[in-house]
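As structure tokens, the structure follows; a few thoughts come after it.
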Amino acid sequence: MLLVRVYCDLGLIEPFDPRPYTRDWFLHRSEERYLGFLLARAHQVRSPSVGDIVLFRVGRCFAHAGIVSRTEPLGIIHAFSNSGCVVEDIVESNPELSSRIKSAKFASYWGES
């Protein structure tokens with residue numbers, strides 16, 4: 001919900017509610033629901049800029065994302081449910097994120113693909 005709140009509250013996209021979904025919806029489905037919501041409002045890019053989105057595959061599909069806060073080294077702002085807060089992480093310093101970066105996708109609301 002972090003991306004929905006940020007982009008809707010800034011007035012960049014029309015408000016919408018992607019729920020209902022269970023906490024583990026991405027483990028039991030193959031439908032790229034999260035990716036579909038995002039790519040309906042942004043476009044995929046090869047290299048991110050600050051303010052773009054990085055999407056990580058979790059389970060069977062893309063189910064976690066963050067807002068790029070720096071490009072070198074890649075830093076993101078994302079909701080981290082285990083600690084119940086929003087954090088900024090350097091991807092290469094976070095074992096869980098760094099193990100997923102090779103299959104990650106980047107998307108942008110701005111700019112060209």
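Counting only other residues whose beta carbon sits under 13 Å from that of SER98, what net charge do I get with K and R as +1, D and E as -1?
It works out to a net charge of -1.
Calculated FRET efficiency, MET1 and SER30, Cβ-Cβ r, R0 22 Å, to nearest 0.05?
Values: r = 22 Å, r/R0 = 1.01.
It comes to 0.50.
From the phi of every residue in segment 43-59, what ³J(HN,Hα) in whole Hz does the Karplus formula 6.51 cos²θ - 1.76 cosθ + 1.60 yield, where θ is phi - 60° and glycine or proline is x?
With the stated coefficients, segment 43-59 comes to 10, 6, 10, 6, 10, x, 10, 4, x, 7, 10, 10, 10, 10, 7, 9, x Hz.
Working out 0.36 nm times the residue gap between SER103 and HIS43, then minus their Cα-Cα distance, what length gain in nm do you get to one decimal?
Here the answer is 19.9 nm.
Leaving out ligands and nucleic acids, and using a 1.4 Å probe, what accessible area per residue does segment 31-113 come to in Å²?
Spelled out: the 1.4 Å probe surface of segment 31-113, per residue, equals 57 Å².
Using a 1.4 Å probe over the heavy atoms of the protein chains, calculate the carbon and sulfur portion of the accessible area of segment 35-113 as a whole percent.
Answer for segment 35-113: carbon and sulfur cover 49 percent of the accessible area.
Once you place label points 7 Å from the Cα toward the Cβ at GLU72 and ASP9, how far apart are they in nm?
That separation, rounded to one decimal, is 3.2 nm.
The values are calculated or read from the model by the stated rules, or taken from the named source; none is laboratory data. Note that the structure is predicted; figures quoted are calculated from it, not measured. Backbone-built Cβ (ideal geometry, glycine too); neighbour counts: all protein chains shown. These accessible areas exclude ligands, DNA and RNA; they are computed on the full protein's heavy atoms, side chains included. Shrake-Rupley method; radii C 1.70, N 1.55, O 1.52, S 1.80 Å.
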